[in-house]
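Coordinate-derived values only; no laboratory data. Please read all numbers here as calculations on a predicted model, not as lab measurements. Cβ: placed from backbone, ideal geometry, glycine included. Neighbour counts: every protein chain shown.
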Amino acid sequence: MVQRAVTASCTVKDTVQTPYKESGYAWSYQEYGRSAGCAGSVTVVALLSSYAPPSWHYRDRDEQTTAPNQTTYWATNAKCKNTSTQKWHSENAIGSSTTSLSPDKNLACAI
């Protein structure tokens, strides 16, 4: 979890869970919250990605708008096979900037 002061009156709570496997899916839970002192709304994108050389690939994407004094929660998931191990991570982003990133996790969950 990342909690940071953006201004003296605005704090942000930004959380991504390390992905895990359940019932043939890779899953992650994410949240993004802003205090009442934050100005305007922001659009936050929650991403779940897996690594297939030579790069990371988005497997699920969810976009939500979060207003001041609001916390938004997501669950991202992707169907996978039990055939081999693949590296996964989840992240929250605003625009092209990652705001929080989970550790990479090897799951027996390949695409």
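It is to be established whether one or more residues within region 88-103 are over 15 Å from the mean Cα position of the chain (by Cα) and in a strand (DSSP E or B). Taking every residue of region 88-103 in turn, none turns out to be over 15 Å from the mean Cα position of the chain (by Cα) and in a strand (DSSP E or B).
One residue is enough: does region 42-52 have a residue meeting the conditions aromatic (Phe, Trp, Tyr), closer than 18 Å to residue 87 by Cβ and surrounded by 14 or more Cβ atoms within 10 Å (Cβ to Cβ)?
Of region 42-52, the ones aromatic (Phe, Trp, Tyr) are 51.
Now narrow it down to the ones that are closer than 18 Å to residue 87 by Cβ: 51.
Those left that are additionally surrounded by 14 or more Cβ atoms within 10 Å (Cβ to Cβ): 51.
Taking every residue of region 42-52 in turn, at least one turns out to be aromatic (Phe, Trp, Tyr), closer than 18 Å to residue 87 by Cβ and surrounded by 14 or more Cβ atoms within 10 Å (Cβ to Cβ).
Of the strands (runs of 3 or more DSSP E) lying entirely inside region 1-86, those carrying at least 1 residues that are under 17 Å from residue 105 (Cα atoms) and touching a residue at least 60 places away in the same chain (Cβ under 8 Å) are 10-16, 20-22, 25-34, 42-52. Among the residues that make up region 104-111, is at least one of them in a loop (DSSP other than H, G, I, E, B) and surrounded by fewer than 12 Cβ atoms within 10 Å (Cβ to Cβ)? Scanning region 104-111, I find no residue that is in a loop (DSSP other than H, G, I, E, B) and surrounded by fewer than 12 Cβ atoms within 10 Å (Cβ to Cβ), so the answer is no.
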